[in-house]
Amino acid sequence: MPVLVITGTGTEVGKTVTTAAVAAAAVAAGRSVAVLKAAQTGVTADERGDAAEVARLAGTVTIAEVARYPEPLAPATAARRAGRPPVRPHEIAEAAAKLAAEHDLVLVEGAGGLLVRFDEAGGTLADAAELMSAPVLVVASAGLGTLNTTELTARELRGRRLDLLGVVIGSWPEAPDLASRCNVADLPDVAGAPLLGAVPAGAGALAPADFRVAAPGWLAPRLFGTWDAEGFRGRAAP
């Protein structure tokens, strides 16, 4: 798995913190890691983007962006409004390939969901994943509504014959409600792929040293962690 694409079922589901957790766990396991942000929106040239936030939390990782745009919009819209060239799927694939030549693992973080448009031709993160023949990790929210968006994402991946590695809950609440607890069992069913972790809500606010120590415990062994899915499911059962 030299390249892993990380997408969300939407915005604000914990994708960047989950990417940081995977990076931290992989570094702790002795892997050299690079993080590629496909398109960074909503930050100016001198502001810290998502890839830099991953590095702050995860530690020694290489970071890169294909492009960034100042307005917090879908990449295609942000590029058009900024009068700048859009990101093309092949550019994401080429940037990831260059990083993969020098690192054990490249994490490619998308912008929003799987089908958010990067250019006027409708190119998406899914198109880039196809070009890279890379597995995809889906970050989902915990509560009500997540089953629909997760299943739609999984269906699109299967329709494209892309490998859905699994699902990670990007922000697991300290006091989960009934829907969240039921979703622990239901998410793997609607995704047709295993639940591979649950990142605690507020994890991104931890001190980086504490984040790096804790991260492997939030993720399953397939993501370089020690998280026990069965134990978690038992604790979360309603």
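The values are calculated or read from the model by the stated rules, or taken from the named source; none is laboratory data. Since the model is a prediction, treat every value here as computed from it, not as a measurement. All Cβ positions, glycine included, derive from the backbone under ideal geometry; neighbour counts span all protein chains shown. For accessibility, only protein heavy atoms count, side chains too; no ligands or nucleic acids. Shrake-Rupley method; radii C 1.70, N 1.55, O 1.52, S 1.80 Å.
Things to note:
- Single match in 25, 52, 20 (criterion: in contact with a Pro (Cβ under 7 Å, 6 or more places away or on another chain), more than 17 Å from residue 134 (Cβ to Cβ) and not in a loop (DSSP other than H, G, I, E, B)): 25
- Criterion: open to solvent by less than 30 Å² (accessible area, probe 1.4 Å) and either touching a residue at least 40 places away in the same chain (Cβ under 8 Å) or within 27 Å of residue 219 (Cβ to Cβ) (or both) - qualifying residue of 101, 76: 76
- A Cβ distance below 8 Å, combined with a sequence gap of six or more or placement on separate chains, defines the contacts here; from segment 143-166, residues that are open to solvent by less than 60 Å² (accessible area, probe 1.4 Å) reach residues that are of a type in the set (D, E, K, R) and not in a helix (DSSP H, G or I) in the pairs 143/177; 157/163.
- Residues being under 15 Å from residue 169 (Cα atoms) and out of contact with any Gly (no Cβ under 9 Å at 6 or more places or on another chain) - total across segment 202-227: 1
- When residue 215 is tested against (1) touching a helix residue (DSSP H, G or I) at 6+ places or on another chain (Cβ under 6 Å); (2) more than 12 Å from residue 17 (Cα to Cα), just one condition goes unmet, and that condition is (2).
- The set of residues in segment 185-212 being under 25 Å from residue 29 (Cβ atoms) and β-branched (Val, Ile, Thr) consists of 199 alone.
- Answer residue from segment 22-73, given it is of a type in the set (Lys, Arg) and closer than 25 Å to residue 115 by Cβ and is surrounded by the fewest Cβ atoms within 10 Å (Cβ to Cβ) among those: 68
- Residue check, residue 28 in contact (Cβ under 8 Å) with a residue 24 or more places away in the chain, among the aliphatic types (A, V, I, L, M) and under 20 Å from residue 212 (Cα atoms): yes
- Qualifying positions in segment 102-152 - under 18 Å from residue 199 (Cβ atoms) and part of a helix (DSSP H, G or I): 146, 149, 150
- Here the condition is being among the aliphatic types (A, V, I, L, M) and under 15 Å from the mean Cα position of the chain (by Cα); of 207, 193, 175, 215, it holds for 215 alone.
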